[in-house]
1. Which condition number in (1) away from the ligand (no atom under 16 Å from the Cβ); (2) of a type outside the set (A, V, I, L, M); (3) in contact (Cβ under 8 Å) with a residue 60 or more places away in the chain is the one that Cys115 fails?
2. Among the residues of the range 88-106, what is the count of those that are in a loop (DSSP other than H, G, I, E, B) and either more than 16 Å from the ligand (Cβ to nearest atom) or surrounded by 16 or more Cβ atoms within 10 Å (Cβ to Cβ) (or both)?
3. Tally up the residues in the range 13-28 that are without any contact (Cβ under 8 Å) to a residue 40 or more places away in the chain and either buried (at least 18 other Cβ atoms within 10 Å of the Cβ) or part of a strand (DSSP E or B) (or both), please.
4. How about the range 151-170: which of its residues are in contact with a Gly (Cβ under 9 Å, 6 or more places away or on another chain) and part of a helix (DSSP H, G or I)?
5. With the requirement that a residue be part of a loop (DSSP other than H, G, I, E, B), under 20 Å from Cys140 (Cα atoms), touching a strand residue (DSSP E or B) at 6+ places or on another chain (Cβ under 7 Å) and not polar (S, T, N, Q), what does the range 179-206 give you?
6. Would you please name the residue that is nearest to the chain's Cα centre (by Cα), looking only at residues in the range 107-136 that are of a type in the set (Gly, Ala, Ser) and in a loop (DSSP other than H, G, I, E, B)?
7. Where residues in the range 168-187 are open to solvent by 60 Å² or more (accessible area, probe 1.4 Å) and not hydrophobic (A, V, I, L, M, F, W, C), which of them is nearest to the ligand (Cβ to nearest atom)?
8. Report yes if Pro71 is more than 15 Å from Asp258 (Cα to Cα), more than 15 Å from the chain's Cα centre (by Cα) and exposed (fewer than 14 other Cβ atoms within 10 Å of the Cβ), otherwise no.
Amino acid sequence: MRIRKAVVPAAGMGTRFLPATKSIPKEMLPIVNKPSIQLIVEEAAASGIEQLILVTGKGKTEIVDHFDAHPRLEESLERAGKYALLEEIVRPTKLVKMSAVRQQRPLGLGHAILCARDLVGDEPFAVFLPDDLVDAPRPCARQLMDLYEKTGQSVVALMNVPREETSQYGIASGTVNPDEARHMLISTLVEKPSSAEAPSTLAVVGRYVLSPRVFHYLEHTTPGKGGEIQLTDALAALALREGLGGWLFDGERYDAGDVAGYLQANLNWARKVPRLWQAVQQYVQRHS
Ligand code: G1P
């Protein structure tokens, strides 16, 4: 079945970015000149997603505004003949059809996904965690969608991490598909295990393609790590009963929810603009 919808949980408070996120959502912090959420929506659209469901909380209206038309600004740019800028502000409004649902209480990522249940309905869907930015030759979500369409099984994006970092991620273990080295058949999934307890060093990155069956497991998931309803726990149950794939994606992931990762993401995307990259290089030369 074709995957048309995506859920983007964006209700988090962004505490790692205070004071910047005191009055603006962390998803609106820019990567070069675009709010980071725009990179997520661009990846979704490039992957073939048509409808995106944002799960938001208090103080997140700017995100929805960013993807809405702004007639006054559009008219003023048009009158001034600033057509390139006009295109830059209109393009994001046309990428996907967007709707938003509120997560009323911060009960965890699993609960946030459950809030989108009615809007997703009975069809497979993608999940994008907006802190995770992935620069890839083929959009990371598209890589997962290809596998879902082939196997009919839910799939999570995986990458290898140093053992001392397992406590920051969902960690998966299982067996490798002998015909496709990037494809794992996951048997175990644990949320943020200590390095001693981690069953492997394969970490879940914030891209998932899920069968609507996941809602059934989410409904029955009790609070786990940090007292929150964890998507990882629901997927661990789903893995046991229905099978779960893991895909070692081709691409590079940046944790834009972390200050160092955010700066690296900015450098990565600045590298694509020769004028900016030259300025960065000159700066580094002067200061090293
Ligand atoms: C979430 C998930 C975790 C996953 C991570 C990827 O954690 O719970 O399993 O590995 O995203 O970024 P968070 O970083 O939101 O705490």
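1. (1) is the only condition that Cys115 fails.
2. Going through the range 88-106, the residues in a loop (DSSP other than H, G, I, E, B) turn out to be 95-96, 103-106.
Those still in the list that are either more than 16 Å from the ligand (Cβ to nearest atom) or surrounded by 16 or more Cβ atoms within 10 Å (Cβ to Cβ) (or both) too: 95-96, 103-105.
Total meeting the criteria: 5.
3. Taking the range 13-28 first, the residues without any contact (Cβ under 8 Å) to a residue 40 or more places away in the chain are 15, 18-25, 28.
Keeping just the survivors that are either buried (at least 18 other Cβ atoms within 10 Å of the Cβ) or part of a strand (DSSP E or B) (or both) gives 21, 25, 28.
Number of matching residues: 3.
4. Residue satisfying the conditions is Thr151 alone.
5. Let us first name the residues in the range 179-206 that are part of a loop (DSSP other than H, G, I, E, B), namely 179-182, 192-201.
Pick out the ones that are also under 20 Å from Cys140 (Cα atoms) and you get 180-182, 201.
Narrowing further to those that are touching a strand residue (DSSP E or B) at 6+ places or on another chain (Cβ under 7 Å): 182, 201.
Arg182 - this is the single residue of the range 179-206 that is part of a loop (DSSP other than H, G, I, E, B), under 20 Å from Cys140 (Cα atoms), touching a strand residue (DSSP E or B) at 6+ places or on another chain (Cβ under 7 Å) and not polar (S, T, N, Q).
6. Filtering the range 107-136 for residues of a type in the set (Gly, Ala, Ser) gives 108, 110, 112, 116, 121, 126, 136.
Adding the requirement that they be in a loop (DSSP other than H, G, I, E, B) leaves 108, 116, 121, 136.
Numbers: Gly108: 15, Ala116: 15, Gly121: 20, Ala136: 13 Å.
Restricting to residues being of a type in the set (Gly, Ala, Ser) and in a loop (DSSP other than H, G, I, E, B), the top hit is Ala136.
7. Filtering the range 168-187 down to residues open to solvent by 60 Å² or more (accessible area, probe 1.4 Å) leaves 168, 175-176, 178-182, 185, 187.
Checking which are not hydrophobic (A, V, I, L, M, F, W, C) leaves us with 168, 175, 178-180, 182, 187.
Numbers: Gln168: 7, Thr175: 20, Pro178: 26, Asp179: 26, Glu180: 22, Arg182: 18, Ser187: 16 Å.
The qualifying residue nearest to the ligand (Cβ to nearest atom) is Gln168.
8. Working: more than 15 Å from Asp258 (Cα to Cα): yes; more than 15 Å from the chain's Cα centre (by Cα): yes; exposed (fewer than 14 other Cβ atoms within 10 Å of the Cβ): yes.
Judged against the criteria, Pro71 is a match.
The values are calculated or read from the model by the stated rules, or taken from the named source; none is laboratory data. The structure displayed is predicted, hence computed values, not measured ones. Don't worry about glycine lacking a Cβ; one is built from the backbone with ideal geometry, like all the others, and counts go over all protein chains shown. Note: accessible area is taken over every heavy atom of the protein model, side chains too, but ligands, DNA and RNA are not part of it. Shrake-Rupley method; radii C 1.70, N 1.55, O 1.52, S 1.80 Å.
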